[in-house]
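Colleague: Quick one: the structure is below, and I'll ask about it shortly.
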Amino acid sequence: MFNYAIISFLLSVIFSCGKLQDTGNIEIISYSVDSVVIDSKGHIFDLRYLLHVSDYCQEDGFLYNYSAFDHSIEMIDLGRLELVEKFPLQKEGPDGTGSGVFNLTSKGNGNLFLASEIGAAIFTLEGKLLKKFDWKKISRAAGGITDEEYVLQQVANPYFEYLAFALVIDQLTNRIILKKLNTTDGIISSYEIDPEGNYRKYTLGDLTTSYRWYPKVFIASQQDKIIVSHEFSNDFYVSSPESEDLQQVIYASIHTPSTVTIATEGDFNNSIDDRRKALQSYREQVSFGPFVWDPQNKRYYRLSSSSTFGEEKQERRLLNETINVDVYLSVFDQEFNLISEMSLPELNNQSSAKYFVRDGMLWVFENRDDEMGFVRVIFD
């Protein structure tokens, strides 16, 4: 137990800090834009969560989307732009997933990593459970989840069949941690992915209660890496499971602030209106998205945005009406050096939607009158 604690501590402090990029070396990348709509074959797609419970598989070219309407997986062929098949899931029994699915990662070979309130497991498309990842069964001595912690998001990586990764919240300290579950030795390793305390800093509400508004934190499985990034700060963290290395990358954004300026402190009992104004102020400054990998052009893409809000309140909406959204694309090479940053006016109001790369193009989800559509950014 003592040896494990030392190893876990060392892993949590091994960083390779990226240097601020020289904007004089930034490239100009030309592009064009088109849009497509998926043929639903009469099926009603579940688009309520902007496709965030979905994953595009580079191996087979299919997009897999979870539908909470009937607890199934929608399989979409992006080459033919049509729904191919639906695969029902079981909620209970030996192959049960629980009542809903929160995270989905394609493992290739027709297998999916699904995370729900009862845990995470690898399933076949036919709904058969192949492998389970049970965080709660790991002992405290082996790095198990404590009573004060809960798993926020989970992903898997196709390169590592025996590993699962999770963002875990420590409710006592309001701190977010990256954890890795290794099923071969039954050990959970912890990594510090928020040394600046941005998660606590940008939380709105009384930190002594559970009634808080949390900032978004993204965990992305891209290539053979796990990338953790924050909504209101552009620094990010890259885990290389094979080498046990954790890299912190810091860069200067060109078109937006690199981090949000605090409008309202989160550690006192402020009103709902205070929180709403603070969140609106943050989104007006900048909101950063997750990373996606382009295997054809060998680079990473990340969207960010700055929003303009009006005075009119929206019915059943948290923030005021959105007047305009300026969307930007940051491009990084394989070593996560910033090589380009540009405005994408064609993606107005698409900043919070799911995006991924297929055939060297950036696909950004767009709800087209309740049909599944995509705006595609084509790099020349």
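The values are calculated or read from the model by the stated rules, or taken from the named source; none is laboratory data. All values derive from a computational prediction rather than experimental measurement. Here the Cβ positions follow ideal geometry from the backbone for every residue, glycine too, while neighbour counts run over all protein chains shown. Heads up: the accessible areas ignore ligands, DNA and RNA and are worked out on the full protein's heavy atoms, side chains in. Shrake-Rupley method; radii C 1.70, N 1.55, O 1.52, S 1.80 Å.
Colleague: Give just the number: which of (1) farther than 18 Å from ILE26 by Cβ; (2) loosely packed, with under 15 Cβ neighbours inside 10 Å does SER306 not satisfy?
Modeller: (2)
Colleague: Run SER210 past the list (1) part of a loop (DSSP other than H, G, I, E, B); (2) open to solvent by less than 30 Å² (accessible area, probe 1.4 Å) and report the number of the one that doesn't hold.
Modeller: (2)
Colleague: Just to be sure I understand the filter: pairs with C-beta atoms under 8 Å, separated by 6 or more residues or on different chains, first member in the stretch 294-311 and farther than 19 Å from VAL238 by Cα and part of a loop (DSSP other than H, G, I, E, B), second member open to solvent by 40 Å² or more (accessible area, probe 1.4 Å) and not hydrophobic (A, V, I, L, M, F, W, C). Which pairs pass?
Modeller: GLN296/ASP359
Colleague: Turning to a different aspect of this structure: Anything in the stretch 193-250 that is under 29 Å from ARG276 (Cα atoms) and among the basic types (Lys, Arg)? List them, or say none.
Modeller: ARG200, LYS201, ARG212, LYS216
Colleague: Right, another one. Out of the strands (runs of 3 or more DSSP E) lying entirely within the stretch 35-142, which hold 1 or more residues that are free of Cβ contacts under 8 Å to residues at least 40 places away in the same chain and exposed (fewer than 13 other Cβ atoms within 10 Å of the Cβ)?
Modeller: So the answer is 82-88.
Colleague: For residues in the stretch 213-239 being of a type in the set (S, T, N, Q) and open to solvent by less than 20 Å² (accessible area, probe 1.4 Å), which is farthest from LYS354 (Cα to Cα)?
Modeller: SER239
Colleague: Sticking with this structure for a sec: With the requirement that a residue be outside any helix (DSSP H, G or I) and modelled with pLDDT of 90 or more, what does the stretch 267-289 give you?
Modeller: Once the filter is applied, which keeps residues that are outside any helix (DSSP H, G or I) and modelled with pLDDT of 90 or more, the stretch 267-289 yields VAL286, SER287, PHE288, GLY289.
Colleague: A further question follows. Considering every residue within the stretch 17-33, establish whether at least one is at pLDDT 95 or above and of a type in the set (A, V, I, L, M, F, W, C).
Modeller: yes
Colleague: Shifting gears a bit: It is to be established whether one or more residues within the stretch 143-151 are hydrophobic (A, V, I, L, M, F, W, C), at pLDDT 90 or above, open to solvent by 10 Å² or more (accessible area, probe 1.4 Å) and within 16 Å of VAL228 (Cα to Cα).
Modeller: yes
Colleague: Could I ask something else about it? Could you say whether any residue in the stretch 175-184 is assigned to a loop (DSSP other than H, G, I, E, B), of a type outside the set (Ser, Thr, Tyr) and either more than 25 Å from ASP55 (Cβ to Cβ) or open to solvent by 50 Å² or more (accessible area, probe 1.4 Å) (or both)?
Modeller: No: the stretch 175-184 contains no residue that is assigned to a loop (DSSP other than H, G, I, E, B), of a type outside the set (Ser, Thr, Tyr) and either more than 25 Å from ASP55 (Cβ to Cβ) or open to solvent by 50 Å² or more (accessible area, probe 1.4 Å) (or both).
Colleague: TYR199 is checked against (1) in a loop (DSSP other than H, G, I, E, B); (2) touching a Pro at 6+ places or on another chain (Cβ under 9 Å) and fails just one. What number does that condition carry?
Modeller: Going through the list (1) in a loop (DSSP other than H, G, I, E, B); (2) touching a Pro at 6+ places or on another chain (Cβ under 9 Å), TYR199 breaks only (1).
Colleague: Taking the residues in the stretch 156-168 that are open to solvent by less than 10 Å² (accessible area, probe 1.4 Å) and touching a residue at least 40 places away in the same chain (Cβ under 8 Å) as candidates, determine which candidate is farthest from LEU114 (Cα to Cα).
Modeller: So in the stretch 156-168, the residues open to solvent by less than 10 Å² (accessible area, probe 1.4 Å) come out as 156-157, 163-168.
Then keep just the ones that are touching a residue at least 40 places away in the same chain (Cβ under 8 Å); that gives 156-157, 163-167.
Numbers: ALA156: 9, ASN157: 12, LEU163: 13, ALA164: 11, PHE165: 12, ALA166: 12, LEU167: 15 Å.
Checking each candidate, the answer is LEU167.
Colleague: Scan the stretch 312-338 for residues that are over 30 Å from PHE62 (Cβ atoms) and part of a strand (DSSP E or B) and jot them down.
Modeller: Once the filter is applied, which keeps residues that are over 30 Å from PHE62 (Cβ atoms) and part of a strand (DSSP E or B), the stretch 312-338 yields GLU312, LYS313, ASN320, GLU321, THR322, ILE323, ASN324, ASP326, LEU338.
Colleague: Take the residues of the stretch 187-207 that are among the hydrophobic types (A, V, I, L, M, F, W, C) and in contact with a Gly (Cβ under 8 Å, 6 or more places away or on another chain): which is most open to solvent (accessible area, probe 1.4 Å)?
Modeller: So, considering only residues that are among the hydrophobic types (A, V, I, L, M, F, W, C) and in contact with a Gly (Cβ under 8 Å, 6 or more places away or on another chain), the one most open to solvent (accessible area, probe 1.4 Å) is ILE187.
Residue-wise test of (1) closer than 17 Å to PHE236 by Cα; (2) open to solvent by 40 Å² or more (accessible area, probe 1.4 Å); (3) in contact with a Gly (Cβ under 6 Å, 6 or more places away or on another chain); (4) not polar (S, T, N, Q).
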{"site": "VAL327", "(1), (2), (3), (4)": "no, no, no, yes"}
{"site": "GLN334", "(1), (2), (3), (4)": "yes, yes, no, no"}
{"site": "ASN337", "(1), (2), (3), (4)": "yes, yes, no, no"}
{"site": "MET342", "(1), (2), (3), (4)": "no, no, no, yes"}
{"site": "VAL357", "(1), (2), (3), (4)": "no, no, no, yes"}
{"site": "TRP363", "(1), (2), (3), (4)": "no, no, no, yes"}
{"site": "ARG368", "(1), (2), (3), (4)": "no, yes, no, yes"}
{"site": "PHE374", "(1), (2), (3), (4)": "no, no, no, yes"}
{"site": "ASP380", "(1), (2), (3), (4)": "no, yes, no, yes"}
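Colleague: Given VAL238, VAL249, VAL217, VAL292, which one is at pLDDT 95 or above and in contact with a Lys or Arg (Cβ under 6 Å, 6 or more places away or on another chain)?
Modeller: VAL238
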